[in-house]
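**Student:** Provided herewith is a single structure, encoded as structure tokens, for subsequent inquiry.
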Amino acid sequence: MKLLEERIRKDGIVKSDEILKVDSFLNHQIDIRLYDRIGAEFARLFADRPVNKILTIEASGIGIACVTAMHFDVPVVFAKKAKSLNLDADHYVTKVQSFTHGRVYDVMVSKRCLSSSDHVLIIDDFLANGCAVNGLLDIIRQAGATAEGVGIVIEKGFQEGGERLRAQGVRVESLAIVERMDPVTGEITFR
Ligand code: 5GP
């Protein structure tokens with residue numbers, strides 16, 4: 001998505017070899033018109049899939065998921081993070097290693113929100129090693145629902161999440177794939 005790549009080049013900050021900061025427009029301050037274009041693009045890319053629910057993980061996926069859900073006219077479910085959780089019969093629970101915080105969370109979705117009749121599109125802001133998406137896929141599996149695909153705003157192609165998911169046969173559509181980024185010059189190269 002050209003518009004997104006241009007915005008990342010203009011306002012993205014390469015914090016380190018691994019971390020790209022986009023909090024002036026994507027995940028702290030939010031450019032709502034860009035969000036709307038992102039939502040429309042996901043709706044176009046997954047128009048062939050019978051999506052009836054969007055699933056994301058708190059916190060930064062929620063806004064993008066909501067705008068995307070407007071374009072599909074379906075509800076959003078966001079998985080909640082808890083430091084530790086007693087296994088509860090009313091929830092699907094999985095473990096996710098946080099890329100940005102470096103710790104493992106229990107992540108849960110109420111069984112009332114996801115069932116075997118659901119056709120789910122996963123949406124998230126970033127794809128790095130794929131831990132968040134794999135956790136959400138595990139929750140979909142526990143519910144017996146169908147994963148229709150994964151929509152990512154920014155994939156860091158030099159980390160392994162995207163490649164692994166695609167090798168498993170998961171349909172992953174990323175709107176921008178960063179091939180390389182240099183924390184010294186700030187240069188960002190897209191695939
Ligand atoms: P993964 O689970 O794929 O390793 O990492 C994805 C999650 O970590 C996303 O939900 C996102 O919030 C966060 N994340 C990963 N890489 C970055 C990054 O470069 N910048 C920011 N802002 N968040 C990231």
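The values are calculated or read from the model by the stated rules, or taken from the named source; none is laboratory data. Only a predicted model underlies this, so the values are computations on that prediction, with no experimental measurement involved. All Cβ positions, glycine included, derive from the backbone under ideal geometry; neighbour counts span all protein chains shown. To get the accessible areas, we keep the full protein, side chains included, count just its heavy atoms, and leave off ligands, DNA and RNA. Shrake-Rupley method; radii C 1.70, N 1.55, O 1.52, S 1.80 Å.
**Student:** Residue by residue through the stretch 25-30, which ³J(HN,Hα) values in whole Hz follow from phi under the Karplus form 6.51 cos²θ - 1.76 cosθ + 1.60 (θ = phi - 60°), with glycine and proline marked x?
**Tutor:** 9, 10, 9, 9, 6, 10
**Student:** Just want to confirm a number: the relative contact order over the stretch 2-185, from Cα pairs under 8 angstrom separated by 6+ residues, in percent.
**Tutor:** Averaging sequence separation for qualifying contacts and normalising by length gives 19 percent for the stretch 2-185.
**Student:** Can you give me the angle between helix 32-45 and the longest principal axis of the chain, using Cα atoms only, in degrees from 0 to 90, rounded to the nearest 10?
**Tutor:** For helix 32-45, the angle is close to 60 degrees.
**Student:** How many percent of the accessible area of the stretch 2-185 is carbon or sulfur, using a 1.4 Å probe?
**Tutor:** Carbon plus sulfur share of accessible area: 49 percent.
**Student:** Further question: For the chain, what is the calculated [θ] at 222 nm in deg cm²/dmol (nearest 500), taking -39500 (n - 2.57) for each run of four or more DSSP H residues and dividing by its residue count?
**Tutor:** -9000 deg cm²/dmol
**Student:** Continuing with the same structure: How much area per residue is accessible in the stretch 2-185 when the probe is 1.4 Å and only protein heavy atoms are counted (Å²)?
**Tutor:** 50 Å²
**Student:** Among the listed pairs Lys2/Lys95; Lys21/Lys111; Lys10/Lys95; Lys2/Lys53, which are separated by more than 30 Å between their Cα atoms?
**Tutor:** Lys2/Lys95; Lys21/Lys111; Lys10/Lys95
**Student:** Next up: Which GluC sites (Glu not before Pro) from the stretch 162-191 combine a DSSP loop assignment with at most 14 other Cβ atoms within 10 Å?
**Tutor:** Glu187
**Student:** Kindly work out what percent of the DSSP beta bridges joining two residues of the stretch 2-185 are antiparallel, to the nearest 5.
**Tutor:** So the antiparallel bridges amount to about 35 percent of the total.
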